[in-house]
Amino acid sequence: MKRLRTFIALAAVPLFLAACGNLSSSSMSGTSGGSKSGGTQLTGQSNDGDYEGVIKSGHYQTSKSRGVTNSQDSGNTYNLKSFENGMLTVSKKTFSTKKYVFEEGQHLSTSTVQNWLDRQSKSNTTGLNPKSNGSTSPTKRNPIYIQALEEQDYMTQKNSKLTLSGMTIGIAVNSVDYYKKTQYGATFETKITKAEGEAYAKKAADTVLARMRKKSGLKNIPIVIAIYRQASNDSLVGGNFISYSENKAGATKVSKWNALGEKSVTFPVESGSSSPNSNDASSFSNFKSEVENFFPNLSGVTAQAHYSGNTLTGMHVNITTQFYSQTEIISFTQYLQTTAQKYLPSSVPIDITVSSTDGVQSFLNRASGEKKFSSHVFNSY
């Protein structure tokens with residue numbers, strides 16, 4: 001039986017395309033700056049750093065295979081989100097948001113991706129994962145290396161016509177393969193080193209690229225292939241992209257890989273781990289102490305931080321409260337605006353979510369390069 005399942009995202013897909021803000025020129029209303037083409041429209045952009053999305057016949061074009069992944073016993077939900085968002089970041093290195101329009105993958109079906117993610121066998125010769133060697137020993141068995149595979153399409157517009165002009169394929173490899181020896185038995189782990197997983201994914205990338213070239217309309221477009229390393233199930237952050245390759249039109253084999261020095265960490269830093277920049281860890285520690293000392297009804301203050309090399313590129317702060325008064329929430333949010341500006345690292349995008357068992361209570365945000373935080377308190381009438 002195939003160890004596969006499809007995850008359904010809780011958030012609307014277009015959130016991956018645009019940051020918070022008003023769309024500047026959504027073509028859905030037919031206003032100037034929008035684009036229509038034979039029943040095809042574009043979503044508009046909130047800023048130049050985001051891709052416009054494709055709408056056909058009044059409907060957003062969803063992926064034909066989004067979320068298909070090898071089944072893990074209790075997967076890390078952060079992996080799927082960071083995988084998709086990271087693919088967009090890698091794609092921008094090749095496909096400019098000023099020239100290209102984003103469309104969810106339309107060329108890989110659910111059944112195709114399921115077969116590719118399965119083990120190779122007599123009944124499935126297209127499987128990218130190795131054949132089972134019959135062993136159930138964590139150190140002797142052939143693990144499931146490739147956990148997920150996703151397609152993103154990039155279009156260009158000429159004379160009111162959209163044409164497929166590029167594609168990105170993301171290959172996610174496991175850092176840990178979780179499995180059971182019996183159907184309802186205990187869960188075991190086979191650990192996969194970064195070097196081992198990356199080497200396997202690069203070999204599979206050649207196979208994937210050659211297969212994509214055989215599909216209609218894909219022979220003469222550039223195809224980017226990016227390798228993502230999944231975080232373990234107990235991690236409080238998702239994984240990271242570790243390398244990518246830009247393959248010119250017609251290329252059927254990857255010729256060059258580019259390393260990516262990305263890393264995601266949690267604050268406070270977990271035992272046995274370290275931050276790429278100790279100053280950032282100290283800044284967050286001071287912020288956490290100030291907030292917890294000022295407001296006693298907090299259950300936790302944590303953060304996810306993302307680095308490129310040793311440089312912080314963004315931070316998501318999560319604060320869990322036990323507030324019951326709306327005035328408490330308002331006062332706390334006001335306090336956070338000044339305290340975050342004082343203690344948290346400057347110049348990088350940071351968002352702060354304040355939540356309780358009742359849901360999100362307030363949200364603060366600061367864009368890259370800005371000094372002050374904006375905020376919103378969620379009220380009820």
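Across the range 207-234, the qualifying residues are those that are assigned to a helix (DSSP H, G or I) and either open to solvent by less than 40 Å² (accessible area, probe 1.4 Å) or of a type in the set (Val, Ile, Thr) (or both), and the one among them that is nearest to Asp153 (Cα to Cα) is Met212. Counting residues in the range 240-252 that are assigned to a strand (DSSP E or B), touching a residue at least 24 places away in the same chain (Cβ under 8 Å) and within 16 Å of Gly314 (Cα to Cα) gives one or more.
One line per residue, one yes/no per condition, for (1) under 19 Å from Leu164 (Cα atoms); (2) at pLDDT 85 or above; (3) open to solvent by 40 Å² or more (accessible area, probe 1.4 Å):
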position	(1), (2), (3)
Ala9	no, no, no
Val54	yes, yes, no
Gly86	no, yes, no
Ser96	yes, yes, yes
Gly105	yes, yes, no
Thr110	no, yes, yes
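Filtering the range 147-168 to residues that are out of contact with any Asp or Glu (no Cβ under 6 Å at 6 or more places or on another chain), crowded, with 17+ Cβ neighbours inside 10 Å and not hydroxyl-bearing (Ser, Thr, Tyr) leaves Gln147, Ala148, Leu149, Glu150, Glu151, Gln152, Gln157, Leu162, Gly166.
On the basis of being assigned to a loop (DSSP other than H, G, I, E, B) and either of a type outside the set (A, V, I, L, M, F, W, C) or open to solvent by 50 Å² or more (accessible area, probe 1.4 Å) (or both), does Ser274 make the cut?
Criteria met by Ser274.
Residues in the range 179-202 that are open to solvent by 20 Å² or more (accessible area, probe 1.4 Å), of a type in the set (Ser, Thr, Tyr) and assigned to a strand (DSSP E or B): Thr187 only. When the range 281-312 is limited to residues that are among the β-branched types (Val, Ile, Thr), touching a residue at least 24 places away in the same chain (Cβ under 8 Å) and touching a helix residue (DSSP H, G or I) at 6+ places or on another chain (Cβ under 9 Å), the one that is most open to solvent (accessible area, probe 1.4 Å) turns out to be Thr302. The residues on offer are Gly134, Gly127, Gly166, and the sole one that is in contact (Cβ under 8 Å) with a residue 12 or more places away in the chain, small (Gly, Ala, Ser) and part of a loop (DSSP other than H, G, I, E, B) is Gly127.
Can you tell me which residue is most open to solvent (accessible area, probe 1.4 Å) among those in the range 240-265 that are of a type in the set (A, V, I, L, M) and touching a strand residue (DSSP E or B) at 6+ places or on another chain (Cβ under 8 Å)? Quick ask: steps written out before the conclusion?
Taking the range 240-265 and keeping what is of a type in the set (A, V, I, L, M), we get 242, 249, 251, 254, 259-260, 265.
With touching a strand residue (DSSP E or B) at 6+ places or on another chain (Cβ under 8 Å) added as a condition, the list becomes 242, 251, 254, 259-260, 265.
Values: Ile242: 14, Ala251: 29, Val254: 21, Ala259: 93, Leu260: 23, Val265: 13 Å².
Across the range 240-265, the extreme among qualifying residues is Ala259.
Which one is farthest from Ala148 (Cα to Cα) among residues in the range 205-234 that are aliphatic (A, V, I, L, M) and in contact with a Phe, Trp or Tyr (Cβ under 8 Å, 6 or more places away or on another chain)? Looking at residues that are aliphatic (A, V, I, L, M) and in contact with a Phe, Trp or Tyr (Cβ under 8 Å, 6 or more places away or on another chain), I get Val224. Restricting attention to the range 345-362, the residues that are of a type outside the set (Ser, Thr, Tyr), surrounded by fewer than 16 Cβ atoms within 10 Å (Cβ to Cβ) and within 21 Å of Ala305 (Cβ to Cβ) total 1.
Looking across the range 313-344, the residues that are buried (at least 19 other Cβ atoms within 10 Å of the Cβ) and closer than 20 Å to Glu270 by Cβ come down to Met315, Val317, Ile319, Leu344.
With the structure loaded, tell me whether Val237 is in contact with a Phe, Trp or Tyr (Cβ under 8 Å, 6 or more places away or on another chain), crowded, with 19+ Cβ neighbours inside 10 Å and part of a loop (DSSP other than H, G, I, E, B) or whether it fails that test.
Working: in contact with a Phe, Trp or Tyr (Cβ under 8 Å, 6 or more places away or on another chain): yes; crowded, with 19+ Cβ neighbours inside 10 Å: yes; part of a loop (DSSP other than H, G, I, E, B): yes.
Answer is yes for this residue.
The values are calculated or read from the model by the stated rules, or taken from the named source; none is laboratory data. Remember, it's a predicted structure, so these values are computed and weren't measured experimentally. Note: ideal-geometry Cβ built from the backbone for every residue, glycine included; neighbour counts use all protein chains shown. Accessible surface is based on the protein model in full, side chains and every heavy atom, while ligands, DNA and RNA are left aside. Shrake-Rupley method; radii C 1.70, N 1.55, O 1.52, S 1.80 Å.
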